[in-house]
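What follows is a set of notes on a single structure, which appears directly below.
Each reported figure results from applying straightforward, stated rules to the coordinates on display, with no laboratory input. Here the structure is a predicted model, which is why all the values come from computation and not from measurement. Counting neighbours? That spans all protein chains shown, and the Cβs are built from the backbone with ideal geometry, glycine included.
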Amino acid sequence: MNCNVRTTRQMLNGLVIAAVAAFGLVMAGTPAAAPSNDAASAQATQDTSSALVQLNGDPLSTYVRTKPAQGKKIDFNGNAVKSYRAQLSALRNDYKAWLRANVPQAKVTAEFDISLNAVAVQLNGATLQQVAAAPQVRRAEYQGLYRPIGINDPDLGIIDAIQAWNAGGGPANAGEGVKVAVVDTGIDITHPCFSDAGYAAQAQLGDHQFTNNKVIAAKVFNNKTPSRHYTPAPLQDHGTHVAGTVGCNLDTPATVQGAVIPYLISGVAPRSLLGNYNVFPDDVLNARSEDILDALEAAYADGFDVANMSLGGGSHGIQDLLTIAVDNLDQANMVVAVAAGNSGPGLFTVESPGAAARALTAGASTVPHFVGAPVRNSGNTSGAAAGDFATVTANLTAPLAVVFSAPTVLSTACSALAAGSLAGRIALISRGTCTFSAKIRNAQAAGAAAVLVANNVAGDPVAMASDGTPNQPTVPAYMVAREAGQVLKLVDGSSTTIGATLAYFPTPNVDIMAGFSSQGPTDVDFRVKPDVVAPGVNVLSSIPAAFCATPPCFAFFQGTSMATPHLAGSAAIVRQQHPGWSAAEVRSAIVNTGEQGVLKNFSTAAPETNVNVIGAGRENLDFAVHAVAALDPVSVS
């Protein structure tokens, strides 16, 4: 049985204030559908060719003489830190000497001392037990593999960001000077979301080809294949989307595939400074533990206040050094926002490193809009969401071909369809089982002129993402809502028209839990996670110029990856308005002011009350900046 003490703002005058004496600190100052690529839920994966080895000796973040005072950062120029760093380096050198003598094929590829006293080791045929046998070793584990996790701006309205901005002096300086590291796939500085016009000159770190006075750091981390000479270039779209949610410049106009968005978009902390800490360079799809640790320690050493990690790698059990590192960085005053994962629904599905006790872990809820094409049939018109796949360039009218796997059951089209069976027709198939690319490819091979994929869960259609494999389908393809698919399923063979002009479709489906959002408790210590939920379905943000025909590019993505930067941006706003607060106080302010009322699903008006699904509720940034008390830990299970 779990006992939760997370609270809404309505309870702050009672339970939280009473709980402070037992748990915490008094603050100074005033008071959905599955991910869009439909990839299978990720299980924990490991790179058994490499290890992370934690050595004796506390890291700088927790050692009594070097850990920072509350609300401060490690003083790397202080004599105590310099002296202790030398001691830790000597310990690591002793271990490296032991390796050379006893396991000579094993090679150290990275060293750490801020979040862990540890080294990364390429095993080269050695066993984990062999490299763990040294007297200097505290624990060793195979490296985990992690991947990216899939104003009138509705996102900002949902979390009451505008009211929070006003409490801090208004939108024009919201997040001013706070530094947020985006540990992801890179940031496209040519995008207007990241223009540095009007920003003061900044010290720029790393590769200056990819920095300006808004994105002030650009570094790449991949020790597995150093011969590739990777750069921080944003060759995948995920990181630029995440960065836009954190800190896109105020009032940026947006269009999606020619459809004008009827409001100006902004990041949650539009004046924040960003860092590109690229752990998925080029075509790298999985980052190892050491790459993520490298990025986190670099961001901390570079002076960043908040880190965003919209990534995950399943559960790695009790020996998960990355979660320990996240906890230690929080204690050293960096807020680390992490995605819960896209492996829900179901208990015990929160992924590493979102399972870390001191991570600010994000679940996902809905945003009520999408961009799509009108689909007309038998006098009915519905919206069909556009995504990564082609759209029609002129109105297309053709017979509807409903593809059944059994009487009344729509086929997922995950297997080859009869050649020519869909020739010249608009195919209607179901979401599920395989990637969108695979099913659309099968429909195209059977002759379809266009493809409509019916959602298999209630709610809005989502922008379908390709799976990135070679030979992507070229036929136009869209998603329709499950309800629209049920109507179309009854009119097989009828004339159907897909309109060429895309439009913005607002919907009523706001503040509903996403079905894919991973759920707690954590499988090792039964901790309540996620901490709080934020918009993560049909989130509109920036993508790199290479990903659309007419830059600047914007797109709708879904996943707890999209919820996480709402929390990172919120942490930046709280830090700006309360610069003396510790990372723990910032996290507590965001978590313990979460609002109740997010609905369980699209089929009910009942609110979700299970803390292992929703945490403390949906974040409310206005409440957070006015919080008067903090809990540490933020919840008790």
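The table below gives the values:
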item	result
Isotropic mean projected area of the C-alpha convex hull, region 117-163 (nm²)	7.2 nm²
Proximal lysines relative to K439, as straight alpha-carbon distance under 28 Å, when same-chain residues fewer than 8 apart are discounted	K489
MRE, 222 nm, helices only [DSSP H, n ≥ 4, -39500 (n - 2.57), over the chain, to nearest 500]	-6000 deg cm²/dmol
Lysines whose Cα lies under 17 Å from that of K219, excluding same-chain neighbours fewer than 8 positions away	K179
Which of F348, F280, F505 has the fewest Cβ neighbours within 10 Å, and the rest in rising order	F348, F505, F280
Amide H contacts of K529 (H built 1.01 Å from N, under 5 Å, at least 5 apart or other chain)	G520, T522
Per-selection Kirkwood Rh - the chain (Cα, Å, 1 d.p.)	24.9 Å
Relative contact order of region 285-336, pairs being alpha-carbon contacts under 8 Å that are 6 or more residues apart, as %	46 percent
Sequence-distant residues sharing a close amide H with A174 (under 5 Å, placed H)	R271
Rounded to whole Hz, the Karplus (6.51, -1.76, 1.60) HN-Hα couplings of region 372-382, x for glycine and proline	x, 9, x, 10, 10, 7, 6, x, 9, 10, 9
In Å, descending, principal axis extents of the Cα set of region 46-146	43, 31, 18
³J(HN,Hα), Karplus 6.51/-1.76/1.60, whole Hz, each residue of region 396-403, x for Gly, Pro	10, 10, 7, x, 7, 10, 7, 9
Alpha-carbon centroids, region 513-581 and region 434-493: separation in whole Å	26 Å
H229 versus A394: modelled label distance in nm, points set 7 Å from Cα along the beta carbon direction	4.8 nm
Order of W165, W581 - criterion: other Cβ atoms within 10 Å of each residue's Cβ, fewest first	W581, W165
Antiparallel DSSP beta bridges within the chain, as percent of all bridges there, nearest 5	55 percent
Residue-by-residue Karplus 3J(HN,Hα) for region 274-287, coefficients 6.51, -1.76, 1.60, Hz, glycine and proline x	10, x, 9, 10, 8, 9, 10, x, 6, 9, 5, 9, 10, 9
Eligible lysines near K82 by straight Cα distance, threshold 20 Å, same-chain separation 8 or greater	K67, K72, K73
Cα centre as origin, Lys/Arg/Asp/Glu Cβ charges: the chain dipole, Debye	560 debye
Amide H partners (placed H, <5 Å) of T496, local residues excluded	A398, L400
F76-T469 pseudo-label distance in nm [points 7 Å out on the Cα-to-Cβ vector]	4.4 nm
Residues A423 and V491, FRET efficiency given R0 of 30 Å [Cβ-Cβ distance, rounded to 0.05]	0.95
